[in-house]
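The values are calculated or read from the model by the stated rules, or taken from the named source; none is laboratory data. Note that the coordinates shown come from a computational prediction; the quantities given were computed from them, not determined experimentally. Cβ placement follows ideal geometry from the backbone for every residue including glycine, while neighbour counts extend to all protein chains displayed. Surface areas here come from the heavy atoms of the whole protein model, side chains and all, with no ligands, DNA or RNA. Shrake-Rupley method; radii C 1.70, N 1.55, O 1.52, S 1.80 Å.
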Amino acid sequence: MEFAEYVARQRPALMRFAMVLTCRTWLAEDLVSDVLGRAFERWERISVMEEPNAYVRRMIVNEYLSWRRMLSRTFPRAEVEPSVISDGADERAERDAMINRLAGLPKKQRAAVVLRYYAGLSDREIATQLGCREPTVRSQIHRALTVLRIDLTATAPNFQETS
């Protein structure tokens with residue numbers, strides 16, 4: 001498969017994957033662009049792999065996990081309220097709320113949750129993507145889900161019974 005054909009087919013899915021991973025549209029765009037630039041340089045080797053898309057997705061995860069230092073230099077220091085454009089759709093509101101909850105997780109936990117529930121990978125595949133062991137993957141996911149459950153119950157409305 002030619003690189004241009006690969007990008008035309010896979011870029012939307014890679015962008016969605018990166019968006020869920022980073023919780024920021026601008027960062028997802030930068031991440032995917034950087035990774036695709038590096039993939040282009042190595043396309044002859046990548047294209048003959050059994051799963052080139054898995055390799056590129058792994059590149060995205062690795063790049064995302066290594067951006068902490070760069071983001072600390074470029075991320076705004078002031079309290080900036082994100083602009084939310086509400087289109088009134090319940091799905092959008094739920095997605096935005098979940099992205100905000102995911103943004104509160106540590107990077108490795110977020111990556112493990114995204115790879116499990118968004119990409120649908122097994123513990124073994126996630127461990128390979130993150131460069132760790134399967135028990136570590138299960139631990140990261142467990143901790144992340146615990147935090148997300150606590151956050152969900154903390155923001156749930158408190159209904160009192162009336163008699």
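Some notes on this structure:
- Hits in region 132-147 - residues which are open to solvent by less than 60 Å² (accessible area, probe 1.4 Å) and not in a helix (DSSP H, G or I): 132
- Being over 22 Å from residue 104 (Cα atoms) and either outside any helix (DSSP H, G or I) or not charged (D, E, K, R) (or both) is a property that residue 36 has.
- Some residue of region 112-130 being at pLDDT below 80, open to solvent by less than 60 Å² (accessible area, probe 1.4 Å) and outside any loop (DSSP other than H, G, I, E, B): no
- Hits in region 96-108 (condition: open to solvent by 20 Å² or more (accessible area, probe 1.4 Å) and in a helix (DSSP H, G or I)): 96, 97, 98, 100, 101, 103, 107, 108
- When region 7-35 is filtered for residues that are open to solvent by 40 Å² or more (accessible area, probe 1.4 Å) and more than 17 Å from residue 115 (Cβ to Cβ), the ones remaining, listed by number, are 8, 9, 11, 12, 24, 25, 26, 29, 30, 33, 34.
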